[in-house]
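> Sharing a structure with you now.
Nothing in this text is a laboratory measurement; each read-out follows from the coordinates by a stated rule. Everything numeric in this text was worked out from a predicted model, so none of it was measured. Reconstructed Cβ throughout: ideal geometry from the backbone, glycine too, with neighbour counts over all protein chains shown.
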Amino acid sequence: MTERDEFEQELEEEPVVVRDRRKVDPETGGPRPSDDGEGYPEERGPEEFTVDASGPPPVEGTVDEAAAPISDVEKQLQERTADLQRVQAEYANYRRRVDRERESMAESGKASVVGDLLPLLDDLERAEAHGDLTGPFKAVADKLVGVLEKEGLESFAREGETFDPSVHEAVQHDTSPEVDGPTVTTVLRRGYRLGDRVLRSALVAVTDHEPAPAGDADTAADGVPGTGPVDAPVEGELPVDTDENAR
């Protein structure tokens, strides 16, 4: 007997087992149980599966921002945003500072020009006081004063106002019971201010308060000094003869 005959004999003696792996019973049309008798997973009930108690699985598209790490791109974006905000704040401060300096320089230039014209205004005021400011000369002077007042020039120091050492410069001083305190009685040179800036202080004469003097001891009842009653001679003394010719 050859080897081939022996192999065919072994195949004939060993039974052939055929396992049907189909999930659907061809006779009934229903699902078939598995070999272990538990059924296929799709046929088991919901109570037969183990539930994960750790919580529901994360939904796609939702990320915890607190737990999620920040990427390098996001860090760079935050840094660039902070730099941009800082540059914008610095530029805003720079613009405000430049605007203030520009206004201050304009006011300084205006004050310098107006200050050079103050002696001319003094001459015009003296000419008006002497009656020489008439005709076309007066018209030109009025236009000049109007332009300067439009730019904010204002004169101060009037007779009778209270003395203010911050804007008045006292060159004469007197006392009188007719005033209650330091008062400007004479304006020697008018002062000027441009807005809040004092261009020139005013030269004034100041009169301060002085109490009225007490009456003389020998004032008569009618108020005429030197006419009071003559004292009577003391006993034992001779009266003094004031007549130079009496002998």
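> Give the lysines whose C-alpha is closer than 27 Å to that of Lys143, dropping any in the same chain fewer than 8 places away, or say none.
Lys110
> Also: Based on the mean of other beta carbon atoms within 10 Å per residue, what is the order of 89-100, 199-210, most packed first?
Most protected by this proxy first, the peptides run 199-210, 89-100.
> At q = 0.27 Å⁻¹, what log₁₀ I(q)/I(0) does a Debye calculation on the Cα points of segment 144-219 give, no solvent, two decimals?
Scattering profile of segment 144-219, log10 relative to I(0): -1.15.
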